[in-house]
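Below is one structure, written out as structure tokens; the observations come after it.
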Amino acid sequence: MSNEYDNLEGQIGGIGAETPQDQPEVLGHLQHVNKPKRDLTADEEASKEAFLNRHRFGTDAQLDNTYSITEGWIPIDRSLLKIRDIFYPEDWQFRVRPATVEAIKNWSSIDETNLAVTNNVFNEIMKSCVSIATPVGKLPWNKINSWDRFWFIMTVHDYTFAKGESVLDYEEDCTECGAPIKFNLTPDALVYEFPDDDIIEKHWNREKRAWIIDPAEYDVDAPVQTLYVPTLEKDDAIFQWAYAQSQQGKQLSEPFLRFLPWLLEKAPKDPSLLDKEIKAAKKRFSEWDEEMFSFMEEVRRNITINPSEKLKQVCPNCGEEVIASVRFPNGIKSIFAVPSKHRKFGSK
Ligand SMILES: [Zn+2]
């Protein structure tokens, strides 16, 4: 059995399940021990102050008694999500808190050559540091839309190292004038590809949190289609389901898997309920003829928000806005690695 298989299996055992309090939770190579509620350490308190002082997150009005900021939870100013904000209900409030020292230790020892494990590490950050408050109670992190995960992780990073202990930057040459530009990996600098404004206005239904598209308007003879925004919860459920299917030797259709997060309204935890939802989606998908499928591919391409993993920065030399790919000069583990202050021991 290959190592990769072990990791994948470890991930599947770990995701989605409710973990009882005080039970160590095993996720791939990671072990996260749920800690009882506690006050912030002096260092974390200082980090919170530094973060708040930058006035980029949460106003005083938002920081009223309604929300507990013990344990460091801070509400995020939703306008920072820019256009991506309209893909969430208006009454949700996103909250972040800094990564704990234990969590940072876990993350900095990951095997990042394994995609499934990396995926886990990202979700682990989300799980412990991002939550959603609504008028009817708290919602888990995995209701976040798939394309926003990296933005939230960068926001948690920003908060965790608000005093500037860890700055993620790297140099690239300006594509206009060739001068070196320093790119800072911050949530603000992330670049996204959005659907066209007129497409959003015409087809996005915020109340239903879905795209409603009538193919007849585009001369395609097929019933009205409702497409739901992909979420981290659905991604996980589909991943588990697809893994189970392949274990049983069943063939999976790639095109169907691409559409599945859009076709599912929800992803029930109960496997038999999930199976039922997926069967219904499959039936709907199988009813599309060639013409309809090519139309729907076009729709999917146009409504997807691409976390393009690109950063923008203004060139200090020529003043042009330059886009570069996100890079982690010291690997993904560097995101949450605290730069060490000690003198290096040996060359390894
Ligand atoms: Zn330049």
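The values are calculated or read from the model by the stated rules, or taken from the named source; none is laboratory data. The shown structure was predicted, so the numbers you read here are calculated from the model rather than taken from an experiment. Using ideal geometry, Cβ is built from the backbone for each residue, glycine included, and neighbour counts are taken over all protein chains shown. Accessible surface is based on the protein model in full, side chains and every heavy atom, while ligands, DNA and RNA are left aside. Shrake-Rupley method; radii C 1.70, N 1.55, O 1.52, S 1.80 Å.
Filter Lys143/Lys163; Lys48/Lys312; Lys143/Lys269; Lys234/Lys276; Lys182/Lys310 down to the pairs with a C-alpha to C-alpha distance above 19 Å, please. Mind showing how you got there, number by number?
Numbers: Lys143/Lys163 30 Å; Lys48/Lys312 27 Å; Lys143/Lys269 13 Å; Lys234/Lys276 14 Å; Lys182/Lys310 14 Å.
With Cα atoms farther than 19 Å apart: Lys143/Lys163; Lys48/Lys312.
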Inset, instruction - Give the ranking of Thr304, Thr175, Thr231 by solvent-accessible surface, highest area first, calculated with a 1.4 Å probe. - result: Thr175, Thr304, Thr231
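Of the listed peptides 145-155, 266-276, what is their order by residue-averaged count of other C-beta atoms within 10 Å, with the highest listed first? Mind showing how you got there, number by number?
Details: 145-155: 20.8, 266-276: 13.2.
My ranking of the peptides, most packed first, is 145-155, 266-276.
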Legend entry - Theoretical gain in end-to-end length, Lys105 to Glu45 [0.36 nm per residue, Cα-Cα removed]: 19.7 nm
Inset, instruction - Return the distance in nm (one decimal) between the two label points of a simple spin-label model at Lys182 and Lys333, each offset 7 Å from Cα along Cα→Cβ. - result: 2.6 nm
Inset, instruction - Report the label-to-label distance for His342 and Leu80 in nanometres (one decimal), using points 7 Å from each Cα along the Cα→Cβ vector. - result: 3.3 nm
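Tell me, what is the per residue accessible area of segment 81-152 in Å², probe radius 1.4 Å?
On the way: 2660 Å² over 72 residues.
That works out to 37 Å² per residue.
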Inset, instruction - Would you mind calculating the gained length between Asp91 and Ser246 on full extension (0.36 nm times residue separation, minus the Cα-Cα distance), in nm to one decimal? - result: 51.9 nm
